[in-house]
Every structure is written in C-alpha cells, then in structure tokens.
Amino acid sequence: QVQLVESGGGSVQPGGSLRLSCAASGFTSGYYAIGWFRQAPGKEREGVSCIKGSDGSTYHTDSVKGRFTISRDNAKNTVYLQMNSLKPEDTAVYYCAAGPACLTATMRYWGQGTQVTVSS
C-alpha cells in the first residue's frame, strides 16, 4: 500500500525551528518528486517546497526562501523539511505529496498532514 506519513509538527515560538519528516512506504520515493504543502485556516493550500526525483533540484516558494530547506534520505525513504526562523504566518497543517514532477497538479499521493503552530 502506498503511504506517506508526516511527523515532526508541533508548537514553537517565533524564530524557532522544526524539522518535518515525510516517511514513504509502498514505493521508492527517490524516483518521485516530493512536495511540501501547507494550508492555514481560511486560506488556499499552497506549495511550499519540492525536491525532484530526477536530479534532486529543489524549489521553495518566495515566503520561505532562506528559511526552509527540503532534503531527502533515499536509504530511509524519507524526505525532510527543515524550517528555521519560523513566523506566525507559517502556522498551518503541512502535507507532503508525491508525483512525477514538482507541479501541484501531478501529485498523486498525499499524507495526512501535521500541524505546525508558531505563536508567542
């Protein structure tokens, strides 16, 4: 069974850090593009970061550039999102997804999400 499971969310103060994990099972995630998405209350789901399966290229939306880093450990079949200098506006449910390309419309498999809360 294809499955993606996020972990590592929690509550942190502004300026703090969290490391999210996306553990894949039932498929080899290294062959897929893996994206991180988030959805805050009252807002549309947005793409945050993505790592390509072909060459490992990474992409980040402007609001997180310089603060978030996406990486993967293929031996562990896991993708990570290191989030530094967190801001209250980063508060959202974070999802990982897998697909053939770093395009939202191509994502085939989605995790259940993990909550990230940034507040004083």
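Of all beta bridges DSSP finds with both residues in the chain, what is the antiparallel percent, to the nearest 5? Write down the numbers at each step before the final one.
Details: 37 of 40 bridges.
For the chain, the DSSP antiparallel bridge percentage is about 90.
How large is the translational diffusion coefficient of the chain in µm² per second when you combine the Kirkwood radius over alpha carbon pairs with Stokes-Einstein at 10 °C and 1.306 mPa s? Before the final figure, lay out the partial values.
Values: Rh = 14.0 Å.
Diffusion coefficient, whole number: 113 µm²/s.
Quick one: pull the percent of accessible area on the chain belonging to carbon and sulfur, 1.4 Å probe, ligands and nucleic acids left out.
Working: 2850 of 6210 Å².
Summing carbon and sulfur atoms, their accessible area is 46 percent of the total for the chain.
Over the stretch 15-83, what is the relative contact order in percent, taking alpha-carbon pairs closer than 8 angstrom and at least six residues apart?
Details: 112 pairs, mean separation 26.5, N = 69.
It comes to 38 percent, rounded to a whole number.
Stretch residue 11-residue 59 to full length: gain in nm at 0.36 nm per residue minus the Cα-Cα span? Could you put the intermediate results ahead of the total?
Details: separation 48, 0.36 × 48 = 17.28 nm, distance 2.51 nm.
Full extension from residue 11 to residue 59 adds 14.8 nm.
Over the chain, what is the relative contact order in percent, taking alpha-carbon pairs closer than 8 angstrom and at least six residues apart? Walk me through the numbers on the way to the answer.
Details: 305 pairs, mean separation 42.9, N = 120.
RCO, the chain: 36 percent.
What's the local net charge at residue 74, with K and R +1, D and E -1, over the other residues with C-beta under 15 Å away?
Working: positive: 52, 72, 76; negative: 55, 73.
Within the 15 Å Cβ shell, the charges total +1.
For residue 48, list long-range residues whose amide hydrogen, built 1.01 Å from N in the peptide plane, is under 5 Å from its own amide hydrogen.
Residues meeting the criterion, in which the H sits 1.01 Å from N, are 36, 37, 38.
So what is the accessible area of the chain per residue, in Å², with the probe set to 1.4 Å? Write out the running numbers ahead of the final one.
Details: 6210 Å² over 120 residues.
It amounts to 52 Å² per residue over the chain.
Provide the per-residue ³J(HN,Hα) series for the stretch 45-54, in order, calculated from phi with Karplus coefficients 6.51, -1.76, 1.60 and θ = phi - 60°, each as a whole number of Hz, with x at glycine and proline positions.
5, 10, x, 9, 8, 8, 10, 6, x, 6
The values are calculated or read from the model by the stated rules, or taken from the named source; none is laboratory data. Values in this document were obtained by computation on a predicted structure and should not be read as measured data. Every residue, glycine among them, receives a Cβ derived from its backbone with ideal geometry; neighbour counts consider all protein chains shown. Ligands, DNA and RNA are stripped out before the accessible areas are found, and what is left, the full protein with its side chains, is counted by its heavy atoms. Shrake-Rupley method; radii C 1.70, N 1.55, O 1.52, S 1.80 Å.
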